[in-house]
Structure formats: C-alpha cells, structure tokens
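Let me begin by presenting the structure, written as structure tokens, before commenting on it.
The values are calculated or read from the model by the stated rules, or taken from the named source; none is laboratory data. If you're wondering where the values come from, they're calculated on a predicted model, not measured in any experiment. For neighbour counting, all protein chains shown are included, and Cβ atoms are generated from backbone atoms with ideal geometry for every residue, glycine included. Accessible surface areas use protein heavy atoms only, side chains included; no ligands, DNA or RNA. Shrake-Rupley method; radii C 1.70, N 1.55, O 1.52, S 1.80 Å.
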Amino acid sequence: MKNRYIYILSAVAILAWSSCGQKGKKNAALPPTPVSVAEAKNGETIYYDNYQSSVVALNSVELRAQVAGFITAIYFKEGAVVQKGTPLYEIDRRKYLAAYNQAQANLFSANANLVKAQKDIDRYEMLLKEDAVARQTVDQAQAAYQTSKGDVKVAEAAVASAKTDLSYATITAPFTGRIGISQVRLGSEVSPGTTLLNTISSENPIGVDVVIDESDIDRFYKYQKNSNDSTFKLQLSDGSILKKPGKVLAVDRGVDNQTGTIKVRVQFPNPDDQLKDGMSCVLQVLNDQSGNHIIIPYKAVTEQMGEFFVFVAQDTIANQHKVKLGPRIGPNVAVLSGLQEGDQVITDGFQRLKDKGKITLGKPGAQGTAGAGGSDKK
C-alpha cells in the first residue's frame with residue numbers, strides 16, 4: 001500500500017515537471033518581433049481637392065428667325081467655327097426687298113410734297129405782303145407744310161422698318177464661335193421667334209462650373225482676388241490634365257437655401273478646342289494645407305475605429321502613435337500631426353504588435369523561423 005502511494009506521488013511530480021517545462025518552452029518561443037522600419041522625412045506636399053464639374057460656353061445663343069419665310073440658302077459648314085458677322089442662313093428676301101423699295105419710293109414722294117408745300121408758303125407770304133391773297137390761304141399753306149413734314153417722318157420710319165426686315169432675312173453670326181448641326185434645311189418654312197435654326201457658342205476662353213459648399217465661399221473669393229497658375233487644374237474624362245491655368249470668373253449671387261451650395265465659374269483658355277460645352281470633368285483646387293509635412297510609407301498606417309496609428313521603433317520597443325493624415329502621395333502619405341522628422345516608423349511586421357512591444361530589426365518573415373529555432377534548442 002505504501003509503495004502504491006509512492007508511485008502516485010511520483011506520477012504527479014512528473015506531470016508537474018512536464019507542465020513547467022512546456023510553459024518554459026512557450027515563453028521561450030516569444031522572442032522580439034522582427035520588423036522593418038523607414039525614416040519619417042520632411043518633404044513638400046502639394047495636393048488638390050477634387051470637385052465634379054461641367055464645361056460651359058461663356059457665350060451661347062440660339063439662332064431663331066425674326067421674319068417669316070422659306071430658307072433659300074445655308075452658307076456655313078456644320079460644326080465649323082464662324083466669324084462674327086458671317087452670313088449663316090438666308091430667308092426668301094424678295095418680298096422684303098420689294099417692301100423696302102416701296103418704302104423708299106414713298107419717302108421720295110413725301111419729300112417732294114414737302115418741297116412743294118414749302119414753295120407754296122413762300123409764294124403766299126409774298127402775295128400776302130401785297131394784299132394779293134387772303135390770310136386764310138397762307139394759314140392753309142402752312143398747315144399743309146406741317147402735314148408734309150409729318151408724312152416725311154412716317155415715310156422715313158417705314159423705310160427703317162422695311163430695311164430692318166430685309167436685314168433679318170439674312171441671319172449672321174452674332175459673335176465668333178462654333179456653330180452646331182442645322183435644325184432646318186433648304187426649303188424649310190420658318191416662323192419668327194419660334195423656329196430654332198441652330199446654336200452657336202464661344203470656345204476660347206471657356207468656363208467650368210462647379211458647385212461648392214457654402215463653407216468654401218471665402219476660399220474661392222480669395223482665389224478670385226489672388227491666384228496663380230497652379231491654383232486650378234482640370235482633369236478631363238480620359239484622365240488627362242489640361243495644361244492651361246484657370247482663374248475664378250464669377251461666384252454666383254446667392255446660396256441655394258435647400259442644399260447650402262453655391263455655383264462658381266472658373267475660366268480656362270481653350271485655344272486647341274480640347275474643352276467642349278457640356279463635357280464632364282474634375283476641377284482640382286489647390287488645398288490650403290499644401291506645404292512641408294512629414295511623409296511616411298502609407299503601408300505603415302493602421303486604422304482603428306476611424307482613427308489612424310503607426311508604430312515607432314525606439315531602441316527595442318515599439319511605441320504606438322496616433323496620427324492625423326494628410327493626402328496620399330503615391331505609395332506615401334503626409335502626416336499632419338503625431339510624428340517628428342527622423343522617427344523610425346515600422347512598415348512591416350507590426351500586425352501582431354502591441355504598444356510597448358519588444359522588437360528587433362530584421363525581416364518580418366523571420367519571426368516564425370526564430371520561434372521554431374528557439375523551441376528546438378529548448
């Protein structure tokens with residue numbers, strides 16, 4: 001019976017010794033974590049805020065007939081640039097030419113009657129001095145003269161009206177711009193003010209409209225007064241950047257009280273006709289925080305509950321720092337606060353690190369190998 005108790009105590013002792021050995025092995029398998037580091041450097045960071053925008057012509061006009069008739073001539077090539085004053089359409093002008101000629105003839109007749117009335121006054125006034133004519137006859141002559149003057153004024157107005165109608169029969173370009181596809185063809189009947197003939201719009205310079213939040217109004221007013229060639233960039237739909245500087249042309253008169261936004265128009269040169277009215281693009285606006293900032297590899301950053309952290313190596317300890325990030329710059333990111341120039345930021349091997357964790361410089365992939373090796377030696 002005594003020997004039986006000895007055997008049981010021996011087994012318990014062996015198990016306890018074995019457990020302690022396993023615990024020691026487990027502790028020995030947790031060496032410092034191998035990590036890679038990169039130095040936090042101070043550098044120039046220039047970045048832009050993006051606004052969805054659209055291209056608009058600074059001047060655009062719908063061409064409509066001002067007199068009735070049939071289209072008898074089209075002088076332009078659709079989609080071409082036309083110069084100011086260039087004839088575009090002609091409406092049958094024969095009746096307007098005839099009306100103008102008739103108005104001129106009426107004016108000629110009215111002037112002739114005025115001359116006759118003036119001569120009658122002169123003759124009757126001479127006879128009146130000799131008492132050879134009644135005073136009533138002179139008064140009647142003077143009245144006829146005034147009537148003839150009025151007839152001349154009426155005839156002159158009729159000539160001006162007929163001349164205007166005749167000019168409306170030929171529709172010319174109101175300014176230099178690109179004309180679109182014609183909405184009417186030869187022989188089409190047009191009505192004054194209702195029939196759309198075409199649309200012409202200016203191209204150089206051209207505008208870009210963007211809707212901004214009301215909190216950005218002061219920022220764009222500042223740019224309107226003072227900006228440089230790098231303040232605005234325009235990214236086209238194919239991803240290319242327009243190599244022309246922009247400037248604020250106008251800030252709209254008021255804020256939309258439903259959306260809290262306001263429209264801003266930025267003007268860009270467009271000599272090569274890259275921008276077309278109605279195009280979608282992205283307006284890039286230089287951010288006020290551009291300047292010198294700490295730059296680190298973006299892969300060193302971890303996010304927790306909407307906050308950003310990095311590990312900084314200090315001797316053999318990894319300290320976790322909360323940081324405020326700026327813009328992405330390729331594989332790097334700007335840090336606005338939380339780091340200092342020269343800090344050794346851990347870029348690899350921090351996935352299982354905790355604050356104040358032990359580290360060693362080396363390849364992060366060696367962590368598992370080192371642990372296995374330590375276990376074997378034990």
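Some points to look at:
- Strands (runs of 3 or more DSSP E) contained in region 194-313 and holding at least 3 residues under 30 Å from Val35 (Cα atoms): 291-297, 302-304
- Tally, over region 183-201, of residues that are surrounded by 19 or more Cβ atoms within 10 Å (Cβ to Cβ) and of a type in the set (Gly, Ala, Ser): 1
- Selection count, region 303-318, where residues are in contact (Cβ under 8 Å) with a residue 24 or more places away in the chain and surrounded by fewer than 16 Cβ atoms within 10 Å (Cβ to Cβ): 3
- For region 125-166, filtered to residues that are closer than 30 Å to Val67 by Cα and among the charged types (D, E, K, R), the residue that is most open to solvent (accessible area, probe 1.4 Å) is Lys153.
- The residues on offer are Asp209, Asp139, Asp165, and the sole one that is in contact (Cβ under 8 Å) with a residue 24 or more places away in the chain and more than 30 Å from Tyr75 (Cα to Cα) is Asp209.
- Residue within region 45-60 that is open to solvent by less than 40 Å² (accessible area, probe 1.4 Å), at pLDDT 90 or above and of a type outside the set (Gly, Ala, Ser) present: yes
- Against the numbered list (1) more than 33 Å from the chain's Cα centre (by Cα); (2) in contact (Cβ under 8 Å) with a residue 60 or more places away in the chain, Leu127 comes up short only at (2).
- Members of region 260-273 that are open to solvent by 70 Å² or more (accessible area, probe 1.4 Å), over 14 Å from the mean Cα position of the chain (by Cα) and in contact (Cβ under 8 Å) with a residue 24 or more places away in the chain: Pro271
- Scope region 64-81; condition touching a Leu at 6+ places or on another chain (Cβ under 7 Å) and more than 18 Å from Glu189 (Cα to Cα); matching residues: Phe76
- Subset tally (residues that are within 13 Å of Val210 (Cβ to Cβ) and aliphatic (A, V, I, L, M)) for region 241-275: 7
- Note on region 85-124: among residues that are of a type in the set (A, V, I, L, M, F, W, C) and under 30 Å from Ala65 (Cα atoms), the one that is nearest to the chain's Cα centre (by Cα) is Leu88.
- Qualifying residue in region 94-104 (condition: among the small types (Gly, Ala, Ser), part of a strand (DSSP E or B), in contact (Cβ under 8 Å) with a residue 60 or more places away in the chain and surrounded by 14 or more Cβ atoms within 10 Å (Cβ to Cβ)): no
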